[in-house]
Each structure stands twice: as C-alpha cells, then as structure tokens.
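Below is one structure; the comments refer to it alone.
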C-alpha cells in the first residue's frame, strides 16, 4: 500500500511540474522510479518505510528547482494551514527548547493550559509518555496540537514540587495572533509588531491601529523583523493601508500568462497620512518584503535596520493527498520600481547563510521620488542599524538563564528578591517594615540586581569571565528587564520595556522628522 502511495504522489508531482509533457514523464521517469522502488523493496537488507522514502524523493526533486519550492508532509501541511487561518487546536501555551528542556514561556489566558494552572517556567518532560529531551520544539508543537476535543497527556516538572505533575488536557481551539503586540512608545509614537501574514492579519492590524489612535498616536513604527511571510494577499492589503488609491504595490510574472499581474492599492482614507517607519532585518522574509518594498519604492515611509532576506519568488500551494501538499514557485515578483529583490541561489550555501552581494552586481532602480534603490539582495534599509549579541549574552539566552532568573526574581526566590515586594500601585502600604517595595513603573535593573544575577549563575555553576560580563552589561540589563517585567506584568509589558532601549527602535524615533516630510510631499502632489 505504501509503495502505491509513493507512485501516486510521484505521478501527481509530474502533473504539476511538467504540464503538457505528462506522457513523456510517465513513460520515462515514472517507469524508472517504479523499477527502482521494486529493486529496493525486494533486495535491501532490511524493510523499507516507503512513505518516508517517497517524501524524501519528492523533497530531493523540488530542491533541484529552487530553495523555496518544498513538500509539506502530513502534520506540517496541517500546521501551515493553522498559521494561515490564524487558529489551531491545542493547549494554549508558548514553548521554547532551552538546551534539552522543553520550557513553557507562558500560558495564554483563558486556554486549557491556563485553566489547569500551567505556569511560565514549567518544564514539559514527557508528552504521552515520551521524553521531550530528544525532540525539537517544532516536533513538540506537532505532538501537543491535535483535533479539538481530543486529549493529550503531559508531565510537568516545576521548581519547588517534589514530584512531577501528570496532567491530561482536552485540546481546544486557540487563536493564533499574527499581530501580537502593540503599544505607545512615546506620547505620539505607536508601535506594532507583525509576526507573519495570515487570514486574520488585516483585521488584527486595524484593531490595533484604532486602539493606538485613540491613545494619541500620530506616527507609527511597524516592526517586521523576523516576519516569516505568509499569505500573499494579506501583504497587499497591509500595503494598501498606507498607500493612496492607484499606487503600485507589486507586479508578478510567471511562465504561465495567468500568473502575470500588476497589483495596485484599491482604497483611500486609511492610514496614508500617518508618518511611518518600518523595521526589518535578515529574517524579514517574503510577504513582509513586499510591504517594505512597496512603502520604500513609493517614498511612503522609511526603512530602518538591516537588509531583508531577499526572497522575490511566489509559491502556489498544490494539495496532493488530503494531508499533504507541494508549495511550488510559480512566479517572480517585482517591487513598484521594477526591481527583483531575489538573491542569487546558484551557490546554495551562500544563499542559506545570507552572504551579502556586492552593490556592483545589483541592478539600480529609482523610487517615485527619485531615490536610488537596488535589486537582487533584499530590501536595503534607509538607515542601517546592525545588532548582534555578545558571546556571553547569546550563550545565556540559548540556555534560558535570563528567562529562568526573571521567573525566580518575580516569585521572590533569589536572595535579593526576598527583600522586596512588587505592588502595582504607587500608594500601596507595606505592612512588613523589613520589606522594600519596588514600584514597577520606576523599575530598572541596577547593580544590586546584576550582583544577584551573578550569584544565580554561580549557584548554577555557570562560569563566565568578568571582562566578558562587563562587555555584555548593557545587553544583560535589557534581557533581565524584559524577563522580570514579563514575569510580573505579562509578556507584552516585557516587550514594551525591551523596545524602549532597542537601538533599532531608537533610530526609528530619531528619523521621524524625515518620515513626516515624505508624507507632506505626498500630500502636495
């Protein structure tokens, strides 16, 4: 049966990849593959899992085309659909792999995990009786998610408890927000972070914008760093939010004429007059590059950060069987100035590691206002701000030590934090005179807390050199403030305090006078 599945999938791939030449494909390639499968099946020294071999063959075939055509096997196809739809069935927790531990970052309010009392910092040691040590966080997500109403058994290890907790949780439908964070950075500057582009993105974005405008927002920082792309049409809708009716957003061109289209903004009276700065980095990808390119080439706003990834190819998802699909590159897209931002992938290693392309090898185009822009290397920022962690900071992040310390500090489980309480209101009276109140609106990580953190590292037998700690001091302070605020007030408050000292955000705030000038020039046209 599995052998037949392999042959069926291979034939369907042939139909997709080679339309008009199906007979040749069947008569030559298909017969060869069928013969090879029979030889392996009859003669290999052990039994073969034909399903896995089928998937591997399809992946290998697609890899000969380009880096962005790919096969979605069962489970991964389902997860892609969940990302696009903006909801999934599961427990409602954010998780992260920290060394060999699967750690709960936070339960989402109102979800099954929240109602059962799962806490940030809990370690999920087993899922349905299987250890989580050898699996990735992606594989763990696959195991934790499942049909609505189905059950999953997990084992929780929690500091302070002698025995692990054995929990059986009924999965429920969980919203998967693509626009998770928004807040005011200054009196008139708002901030919105978009994680990816899903069916719900435009609706979520407009809701966040309405809230910020009511709070007095006059200018917007749109953070697309780490945005993994997603639904193509939603990147068009978001671009339209900022561009006047008729402005070109993107054009696409494929081998088949029905893929050739020029797409323009269709609406006015949205957010065309709000000064805009977009933040990007190397992990800004695909659909998020369409938005960045449309804004830059129309001289609608400024781009700050690092050059984006450089993916200028469009994929169409073709379902194969009910639980699998092929995402096939069917067209290239071009920004309003006519440039392709796709980086050369002839040398796949250079492409994977995002090797910079010399400017002399990139095509030159011009924005609507005459500014010079380059192709073949992603979207270049108007103001470059590079950011990389010191070695010590990166190591402690990977270990999850900032996160763990923040949780311990907030629960008053470190030597220093035992001396404090954390009232959320300024006028709270402290009954215990031996305790000192930390008023959160004024809270900063000071030298006292840094020494407490060093003691924590010492207790965990994590060695570090003093000079490296000094070099990484500013980064360490930022990470500790984020985790302590997140533990005490919620993840969004932690993100907010972190962004207020973010060098890319600070540069964005600095260049808003220029962004406002761009809006005025557009109004004068």
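The values are calculated or read from the model by the stated rules, or taken from the named source; none is laboratory data. Computed from a predicted model, the values in this text were never measured in an experiment. Don't worry about glycine lacking a Cβ; one is built from the backbone with ideal geometry, like all the others, and counts go over all protein chains shown.
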message: It is to be established whether one or more residues within the range 72-85 are closer than 16 Å to residue 173 by Cα and in a loop (DSSP other than H, G, I, E, B).
response: no
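Given the residues 246, 226, which is the only one that is modelled with pLDDT of 95 or more and in a loop (DSSP other than H, G, I, E, B)?
Details: 226 fails: modelled with pLDDT of 95 or more.
The match here is 246.
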- request: For the range 296-351, enumerate the residues that are more than 30 Å from residue 502 (Cα to Cα), under 23 Å from the mean Cα position of the chain (by Cα) and free of Cβ contacts under 8 Å to residues at least 12 places away in the same chain.
  value: 349
- line: Residues in the range 258-295 that are over 22 Å from the mean Cα position of the chain (by Cα) and either not assigned by TED's automatic domain parsing to the domain that holds residue 203 or not in a loop (DSSP other than H, G, I, E, B) (or both) total 6
message: Can you tell me which residue is surrounded by the fewest Cβ atoms within 10 Å (Cβ to Cβ) among those in the range 334-367 that are under 15 Å from residue 295 (Cα atoms) and touching a helix residue (DSSP H, G or I) at 6+ places or on another chain (Cβ under 7 Å)?
response: 367
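Would you call residue 192 under 30 Å from residue 208 (Cα atoms), surrounded by 19 or more Cβ atoms within 10 Å (Cβ to Cβ) and touching a strand residue (DSSP E or B) at 6+ places or on another chain (Cβ under 9 Å)?
yes
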- line: (1) farther than 29 Å from residue 292 by Cβ; (2) modelled with pLDDT of 85 or more; (3) touching a helix residue (DSSP H, G or I) at 6+ places or on another chain (Cβ under 7 Å) all hold for residue 395 apart from (3)
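Could you say whether any residue in the range 131-138 is closer than 25 Å to residue 200 by Cβ and outside any strand (DSSP E or B)?
yes
Of the residues 207, 234, which is more than 21 Å from residue 93 (Cα to Cα) and surrounded by fewer than 22 Cβ atoms within 10 Å (Cβ to Cβ)? Break it down into steps so the answer makes sense when it comes.
Details: 234 fails: surrounded by fewer than 22 Cβ atoms within 10 Å (Cβ to Cβ).
None of the others qualify; the one that does is 207.
Is it the case that residue 239 is assigned to a strand (DSSP E or B) and in contact with a helix residue (DSSP H, G or I) (Cβ under 6 Å, 6 or more places away or on another chain)? Give the derivation first.
On the way: assigned to a strand (DSSP E or B): no; in contact with a helix residue (DSSP H, G or I) (Cβ under 6 Å, 6 or more places away or on another chain): yes.
Spelling it out, it is not the case that residue 239 is assigned to a strand (DSSP E or B) and in contact with a helix residue (DSSP H, G or I) (Cβ under 6 Å, 6 or more places away or on another chain).
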message: Against the conditions (1) crowded, with 20+ Cβ neighbours inside 10 Å; (2) modelled with pLDDT of 95 or more, where does residue 184 fall short? Just the number, please.
response: (1)
query: Hey, among 212, 243, 222, which residue is closer than 22 Å to residue 504 by Cα and surrounded by 24 or more Cβ atoms within 10 Å (Cβ to Cβ)?
result: 222
query: Which of (1) touching a helix residue (DSSP H, G or I) at 6+ places or on another chain (Cβ under 7 Å); (2) under 26 Å from residue 522 (Cα atoms); (3) crowded, with 21+ Cβ neighbours inside 10 Å does residue 263 not meet, given it meets every other one?
result: (3)
message: Given (1) out of contact with any helix residue (DSSP H, G or I) (no Cβ under 7 Å at 6 or more places or on another chain); (2) under 22 Å from residue 145 (Cα atoms); (3) not in a helix (DSSP H, G or I), identify the lone condition not met by residue 68.
response: (2)
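Any residue that is part of a strand (DSSP E or B) and within 16 Å of residue 504 (Cβ to Cβ) - is there at least one of those in the range 314-327?
Initial filter on the range 314-327 (part of a strand (DSSP E or B)): 314-319, 325-327.
The next check asks that each one be within 16 Å of residue 504 (Cβ to Cβ); those that pass are none.
No.
Quick check, is residue 107 free of Cβ contacts under 8 Å to residues at least 40 places away in the same chain and touching a helix residue (DSSP H, G or I) at 6+ places or on another chain (Cβ under 9 Å)?
Working: free of Cβ contacts under 8 Å to residues at least 40 places away in the same chain: yes; touching a helix residue (DSSP H, G or I) at 6+ places or on another chain (Cβ under 9 Å): yes.
Yes; evaluated as a whole, the condition is true for this residue.
If I filter the range 144-152 for residues that are more than 30 Å from residue 74 (Cβ to Cβ) and not in a strand (DSSP E or B), do I get at least one hit? Explain how you work it out, then say what you get.
First pass over the range 144-152, keeping only residues more than 30 Å from residue 74 (Cβ to Cβ): none.
No, the conditions are met nowhere in the range 144-152.
Answer yes or no: is there a residue in the range 208-222 that is over 20 Å from residue 512 (Cβ atoms), in contact with a helix residue (DSSP H, G or I) (Cβ under 9 Å, 6 or more places away or on another chain), outside any loop (DSSP other than H, G, I, E, B) and touching a residue at least 40 places away in the same chain (Cβ under 8 Å).
Within the range 208-222, the subset over 20 Å from residue 512 (Cβ atoms) is 210-211, 214.
Still in the running and in contact with a helix residue (DSSP H, G or I) (Cβ under 9 Å, 6 or more places away or on another chain): none.
Among the residues of the range 208-222, not one is over 20 Å from residue 512 (Cβ atoms), in contact with a helix residue (DSSP H, G or I) (Cβ under 9 Å, 6 or more places away or on another chain), outside any loop (DSSP other than H, G, I, E, B) and touching a residue at least 40 places away in the same chain (Cβ under 8 Å), which makes the answer no.
Looking only at residues in the range 158-171 that are crowded, with 17+ Cβ neighbours inside 10 Å and in a strand (DSSP E or B), which one is farthest from the chain's Cα centre (by Cα)? Show your work before the answer.
Step one: filter the range 158-171 for residues crowded, with 17+ Cβ neighbours inside 10 Å, giving 167, 169, 171.
Cutting the leftovers down to in a strand (DSSP E or B) gives us 167, 169.
Working: 167: 29, 169: 27 Å.
Filtering first and then ranking leaves 167.
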query: Within the range 343-367, how many residues are at pLDDT 85 or above and within 13 Å of residue 307 (Cβ to Cβ)?
result: 2
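Name the residue, out of 80, 65, 72, that is exposed (fewer than 14 other Cβ atoms within 10 Å of the Cβ), under 28 Å from residue 342 (Cβ atoms) and in contact (Cβ under 8 Å) with a residue 60 or more places away in the chain. First the steps, then the outcome.
Numbers: 80 fails: exposed (fewer than 14 other Cβ atoms within 10 Å of the Cβ); 72 fails: exposed (fewer than 14 other Cβ atoms within 10 Å of the Cβ).
Checking each option against the conditions leaves just 65.
Here are some residues: 118, 124, 105. Which one is assigned to a loop (DSSP other than H, G, I, E, B), closer than 26 Å to residue 401 by Cβ and in contact with a strand residue (DSSP E or B) (Cβ under 7 Å, 6 or more places away or on another chain)? Steps first, answer last, please.
Values: 124 fails: assigned to a loop (DSSP other than H, G, I, E, B); 105 fails: assigned to a loop (DSSP other than H, G, I, E, B).
Selected residue: 118, the only one of 118, 124, 105 that is assigned to a loop (DSSP other than H, G, I, E, B), closer than 26 Å to residue 401 by Cβ and in contact with a strand residue (DSSP E or B) (Cβ under 7 Å, 6 or more places away or on another chain).
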